[in-house]
Amino acid sequence: MQKSDIPNFISSSGVFNAQDLEQLASIDQIPSDQEIDSFKYEPEIQELLNAFIGDENTRITHQLLKAKEFLNQGRIEEAWKLMLL
């Protein structure tokens, strides 16, 4: 994947630096819709999503911040899944 293939809402969010974007671009392909859908049922992810019901902008911001945490831990695929929920 190329850095230019990263969706604009991610690359222009201001949350990720150049190194983060390089990590995101290092995967061969983004997770499938099925993988993304099953990921939202993980307890940690459910807690995050439920904390911001009714406030989509804040939820998205917190999803991106959590995805950055995942990147810092080397959990690139999980970062992608969270951002694409």
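A few remarks follow.
- All positions within the range 2-44 that are hydrophobic (A, V, I, L, M, F, W, C) and over 19 Å from His62 (Cβ atoms): Ile6, Ala18, Leu21, Ala25, Ile27, Ile30
- Leu24 being part of a helix (DSSP H, G or I), surrounded by fewer than 16 Cβ atoms within 10 Å (Cβ to Cβ) and on the phi < 0 side of the Ramachandran plot: no
- Restricting attention to the range 47-78 and to residues that are touching a residue at least 40 places away in the same chain (Cβ under 8 Å) and among the charged types (D, E, K, R), the residue that is nearest to Ile10 (Cα to Cα) turns out to be Lys68.
- Count of residues meeting criterion [surrounded by fewer than 13 Cβ atoms within 10 Å (Cβ to Cβ), of a type in the set (A, V, I, L, M) and outside any helix (DSSP H, G or I)] in the range 27-69: 1
Read the figures in this text as sums done on the coordinates, not as results from a lab. Just so it is clear, the structure is predicted and the values come from calculations on it, not from any experiment. Please note: Cβ atoms are built from the backbone with ideal geometry, for glycine as well, and neighbour counts cover all protein chains shown.
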